[in-house]
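The values are calculated or read from the model by the stated rules, or taken from the named source; none is laboratory data. Nothing here was measured: the structure is a model prediction, and the numbers come from that model. So basically every Cβ, Gly included, is an ideal-geometry build from the backbone, and we count neighbours across all protein chains shown. Quick note on the areas: whole protein, heavy atoms, side chains included, nothing else; ligands and nucleic acids left out. Shrake-Rupley method; radii C 1.70, N 1.55, O 1.52, S 1.80 Å.
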Amino acid sequence: MGEGKILVVGGGISGVTAAVEAAEMEYDVILIEKEPFLGGRVNQLRYYFPKLCPPACGLEINYRRIKENPRIKFYTMATVKNIEGGPGNYKVTVEIAPRYVNENCTCCGECEKVCQGEREDTFNFGLRKTKAIYLTHEHAFPARYVLDKSALAEGDLERIKEACKYNAIDSDMQPQTITLEVGAIIWATGWKPYDATKLDNLKYGQPGFENVITNMQMERLAAPNGPTGGKILRPSDQTVPQTIAFVQCAGSRDENHLPYCSYICCLASLKHSIYFAEQNPEGKAYIFYIDIRTPGRYEKFLNRAKEEANIEFIKGKVADIQQADNGDLIVIAEDTLSGKKVQQRVNMVVLATGMQPSLAGEEIPQILDVDENGFVIPSEAKGMYACGCARIPLDVMSSNETATAAALKAIQTLVRG
């Protein structure tokens, strides 16, 4: 029977928080994550709200809590394939993809040095490439390399195995299927950036528009462990931009894309304006917006951005982005306050792409209820709960609050069972 165990699906900041909160109340927790590492999207940020902390600030404490708590067991590269049963007695089938690197790995990096094959760096949203054998980032937990066999060059496998002094390369690993017996399930599957290539008028990913990037790519450019070592540079020519346009609601509040407000995008662009001002005090930011939404105490952050960054706010939805010379771009919008058409030339454009639930468009167990947008609908009757951005677009602080609530609800299901 699975009365005493809680399954947490998703190992981002909210999933990790839910797991440690439940385990520290002396309940057994199994945490599964589809990526090779825990920590989710927070790992990819330069800073997160409300204190503008670096990712390691909150995550490393929780990693230590996981390592020190025998009640938590976690699996990475793992996905739920099937769920049977009911509250108090669920049987969950989980598939674990092969990492091809075993627990002997010390992250010495010798394998990476001799590898020639390359793959797109998904952690950095395609802004650079990694070797076929790679560590996603230096704070990766678990600290273990991953091998993408499909990206290997000829002779790579032999070179990698020879370079590894710890016999950590296991190219014969197979997918593994396990069955977990649990009493309650917390869905902490998080979010993914909306596909900006679907926004035709904003030109993301189109030839000649390399300097149109997304807000998460901006985070990676500003991050010290990012593709440019923390320098905000134009992708087309690696030069320092003097002007940047931030396009709000790129996919959000749009019935053709995401009909809801993604909550954090306005604040993210204000944060990016501060990043930009710190690196280039003479630079100018243009924020094209429908409404600037800074809920609750975040109104203070808006005032801080106005003080620290050189921002011109333009109330108007961007209709088009056109090419200029030298990689520059012309952002076209109507200023709804003045009624005038704006054609603003800038060096770079950052799209505030919306937050879409990770489960949107994915194959999910029939027993799980989601709304029309893919957000999880919690069900006490089913012993299933949701936290963080699996439930609604949220910031990190609010995600952690919902994670603690979900942990308490899951424990109540076990107690009632």
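For trypsin sites (Lys or Arg not before Pro), the sites in region 127-208 that DSSP calls loop and that have at most 16 other Cβ atoms within 10 Å are ARG128, LYS165. In a DSSP loop and with at most 15 other Cβ atoms within 10 Å, the GluC sites (Glu not before Pro) in region 272-335 are GLU282. Looking at region 294-417, the pairs of alpha carbons with a distance over 24 Å make up 55% of the total. Checking the cross-link pairs LYS317/LYS341; LYS129/LYS231; LYS129/LYS284; LYS129/LYS165; LYS231/LYS271 against a 22 Å limit on the alpha carbon distance flags LYS129/LYS284; LYS129/LYS165 as lying beyond it.
Would you please name the GluC sites (Glu not before Pro) within region 121-211 that are DSSP coil residues with at most 12 other C-beta atoms within 10 Å of their C-beta? When the GluC sites (Glu not before Pro) of region 121-211 are filtered for loop state and at most 12 Cβ neighbours within 10 Å, GLU138, GLU154 remain. Ligands, DNA and RNA excluded, the heavy atoms of VAL240 present near 80 Å² of accessible surface to a 1.4 Å solvent probe.
With N counted as the residues of the chain, its alpha-carbon radius of gyration over 2.2 N^0.38 Å works out to 1.03.
Backbone phi angles across region 104-113, fed through the Karplus curve with coefficients 6.51, -1.76 and 1.60 (θ = phi - 60°), yield HN-Hα couplings of 6, 4, 10, 6, 6, x, 5, 5, 5, 5 Hz in residue order; Gly and Pro are listed as x.
Please build a GNM for the chain, connecting alpha carbons under 10 Å apart, and tell me which residue among PRO36, PRO295, PRO98 fluctuates the most. Of the options given, PRO295 has the highest mean-square fluctuation. For the residues HIS257, HIS139, HIS272, a 1.4 Å probe over the protein chains yields an accessible-area ranking, largest first, of HIS139, HIS257, HIS272. Helical content alone sets the calculated 222 nm signal of the chain at -7000 deg cm²/dmol, taking -39,500 (n - 2.57) per DSSP H segment of four or more residues and averaging over every residue. Mean separation of Cα pairs under 8 Å and 6 or more residues apart, divided by the residue count, gives region 101-190 a relative contact order of 35 percent. Bridges between two residues of the chain, per DSSP, are antiparallel at a rate of about 50%. Which of the aspartates and glutamates could be linked to LYS131 by a straight reach, that is with a Cα gap under 18 Å, when you skip same-chain ones fewer than 8 residues away? In chain and number order, the partners are GLU35, GLU110, GLU112, GLU118, GLU120, ASP121, ASP148, GLU154, ASP156, GLU158, GLU162, ASP170.
Divided by 2.2 N^0.38 Å, where N counts the residues, the Cα radius of gyration of region 124-276 comes to 1.35. Find the Rg to Rh ratio for region 351-408, where Rh is the Kirkwood radius over alpha-carbon pairs and Rg uses the same atoms. Expressed as Rg/Rh, it is 0.99. In order along region 294-300, phi translates into HN-Hα couplings of 10, x, x, 6, 6, 4, 5 Hz, rounded to whole numbers, per the Karplus curve 6.51 cos²θ - 1.76 cosθ + 1.60 with θ = phi - 60° and x for Gly and Pro.
Taking all protein chains together, LEU258, LEU135 sort by accessible area into LEU135, LEU258, largest first [probe 1.4 Å]. Distances between placed amide hydrogens fall under 5 Å for ALA386 paired with TRP187, all partners being 5 or more residues away or on another chain.
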